[in-house]
Amino acid sequence: MKTAAQRFLDYISYDTGSDITSETFPSTAKQKVFAAHLVQEMKELGIADAHMDEYGYVYGSVPSNCERKLPVIGLISHMDTVSDPPSAGIRPRIIRDYDGGDVVLNQEKEIVLRTADYPSLSTYQGQDLIVGDGTTILGGDDKAGIAAILTGVEQVLADGAPHGAFCIAFTPDEEISRGTKYFDVEKFGADFAFTLDGGKLGDYQYESFNGAQAEVVIRGRMCHLGRGKSRGLRNSIRIAMEFQSMLPVFEDPANTEKHEGYYHLDRFDGRVSLTRLLYRINDHSREKFEQKKALLREIAGFLNQKYGDPVVQVSCEDICYNMYDRLKDKGYILDRVRRALHSIGVMPNERPVRGSTDGAKLSYMGLPCPNLCMGSENAHSIYEFSSVQALAGVSRMVCALLTDLTPPEEQEKQM
Ligand SMILES: [Zn+2]
């Protein structure tokens, strides 16, 4: 049997960076190469119906091997990675019996993973740390999840321990927010599922952002600058700066944490006659989320009144909602997570996702789906790291979830 770390090192040799500018699905064909590799491996594990569908999703299922009535549990991870930092040519290194100090990732480029910057690093002391060379991502987000799922499943099948039916899906294009676009919830067939996409061993999450994208278009009026006063010159760049200055100063991603939402100015394209601002608006609270969008419209209204013309236009598009609203009466799903973690000697640590996950969208598509750890930290960065022991721990958590013989809960249970 392969260990989760062996699988992980195999998987990160595949470049699966997704591409937000692509109009194909999946956004990059190389994701399907990796998907085909996973299908092959799943078949070798005895998952007879493993297959890749026309969109590049990988599905597979295992029937129950016991008489008990048990829920059908789904396990999901995504196959793509970000492409910035680069996702190709990952050169992993295992530091055996890590001493808990700073790690030089790249001597030549003087790239150092410091405990001062990443305090949780020192908690890996004594483990076999897995790092990159500081020029690429490591790929733990989310290949650590895939490695842990298949290792856990292999273990369950090898042990012959009683388990309920379960199903597995690996999705493309999660990093560009398209991971659930063609996900077939009905075909998948789970009563509830877990994404393994969440960081340090023990972490689990059932709250995510309500998120929207807002475009603010400001129309100015250009004329000969020398006659600006008499011809009513109106500089849309200045009005855009005025708009931005009316937003709450500290409600931005650099000044918020935990349950604090924010406005993030993502793009500012300005000329005198036309300026466009793009914002991301995120908040865990639906009420505050709606208030944030309303404030943008209020500011636009104020400026339109001030300039006596409809110069500012705001359009908002909701992108995702907090999964909590779909999970709050399903506390029994989280009970399974806590039981699984306790059974492997890991302290459960719940914290809100400051972002969204495939599972948040799936929860709104009828498949309740909190997010669990995948055993890798510092996602989307050259400082990503994991450990042999963390990956093994997550695969043990998978075993524990699948072999939990608690019958399906008939009653709702509040969180
Ligand atoms: Zn991820």
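The values are calculated or read from the model by the stated rules, or taken from the named source; none is laboratory data. The shown structure was predicted, so the numbers you read here are calculated from the model rather than taken from an experiment. Here the Cβ is made from the backbone with ideal geometry for all residues, glycine too, and neighbour counts use every protein chain on show. Ligands, DNA and RNA are stripped out before the accessible areas are found, and what is left, the full protein with its side chains, is counted by its heavy atoms. Shrake-Rupley method; radii C 1.70, N 1.55, O 1.52, S 1.80 Å.
Summary of computed values
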quantity	calculated
With every protein chain in place, the chain: carbon and sulfur % of accessible area (1.4 Å)	49
Cβ-Cβ FRET estimate between ARG221 and MET365, R0 fixed at 51 Å, reported to 0.05	0.65
GLU174, GLU409, ranked by accessible area, largest first (probe 1.4 Å)	GLU409, GLU174
Charged-residue dipole, Cβ positions (Lys, Arg, Asp, Glu), the chain about Cα centre, Debye nearest 20	1600
Solvent-accessible area of HIS163 with every protein chain in place, 1.4 Å probe, in Å² to the nearest 10	10
Listed residue (ILE382, VAL337, GLY60) projecting farthest to the positive dipole end of the chain, Cβ model	ILE382
Residue of SER87, SER177, SER22 that the Gaussian network model of the chain assigns the largest fluctuation, springs spanning Cα pairs under 10 Å	SER22
Label point distance in nm, LYS306-ARG96, each placed 7 Å from Cα along Cα→Cβ	6.6
Cβ-defined net charge surrounding GLY261, 9 Å radius [Lys, Arg +1; Asp, Glu -1]	-1
Ratio of Rg to Rh over the stretch 110-167 (Cα coordinates, Kirkwood Rh, two decimals)	1.14
DSSP beta bridge pairing in the chain, given as percent antiparallel to the nearest 5	75
Lysines with Cα under 23 Å of LYS181, excluding same-chain neighbours fewer than 8 positions away	LYS30, LYS32, LYS143, LYS361
Rh (Kirkwood; distinct C-alpha pairs) - the chain, Å	23.1
Directionally averaged shadow of the stretch 210-320, computed from the convex hull of its alpha-carbon atoms, nm²	7.0
Rg/Rh ratio calculated on Cα atoms of the stretch 98-216 (Kirkwood radius)	1.04
Net length gained if the chain between VAL249 and SER273 were fully extended (0.36 nm per residue, minus Cα distance)	6.0 nm
Approximate shape of the stretch 316-355 as ellipsoid semi-axes (Cα gyration tensor, √5λ), whole Å, largest first	27, 13, 6
Approximate shape of the stretch 306-408 as ellipsoid semi-axes (Cα gyration tensor, √5λ), whole Å, largest first	37, 20, 10
Separation of alpha-carbon centers, the stretch 353-385 and the stretch 226-276, rounded to whole Å	31
Spatially proximal lysines relative to LYS292 (Cα-Cα < 18 Å; intrachain offsets below 8 disregarded)	LYS258
Under 14 Å, Cβ to Cβ, from ARG227 - net charge with Lys/Arg +1 and Asp/Glu -1	+4
Helix 331-343 vs. the chain, principal-axis angle (Cα, 0 to 90°, nearest 10)	50
Gain upon complete extension [ALA36, SER177; 0.36 nm per residue less C-alpha separation]	48.6 nm
Neighbourhood charge, 9 Å Cβ-Cβ cut-off, centred on TYR383 and excluding it, Lys, Arg +1 and Asp, Glu -1	-2
GNM top mover of SER120, SER285, SER356 - the chain, alpha-carbon springs below 10 Å	SER120
Extreme residue, positive dipole direction of the stretch 210-320, given options ILE239, TYR262, GLY220 (C-beta unit charges)	GLY220
Rough spin-label spacing in nm, given labels placed 7 Å along Cα→Cβ, for VAL185 and GLU412	1.6
Column: log10 I(q)/I(0), Debye, Cα scatterers of the stretch 138-290, q = 0.09, 0.19 Å⁻¹	-0.53, -1.24
The stretch 366-410: radius of gyration and largest Cα-Cα distance (Dmax), Å	14.4, 46
Degrees, to the nearest 10: 140-159 long Cα axis against longest axis of the chain	20
Cα centroid of the stretch 64-120 to Cα centroid of the stretch 1-45, whole Å	15
Dipole-positive endmost among GLY74, THR115, VAL131 within the stretch 72-144 (Cβ charges, Cα centre)	GLY74
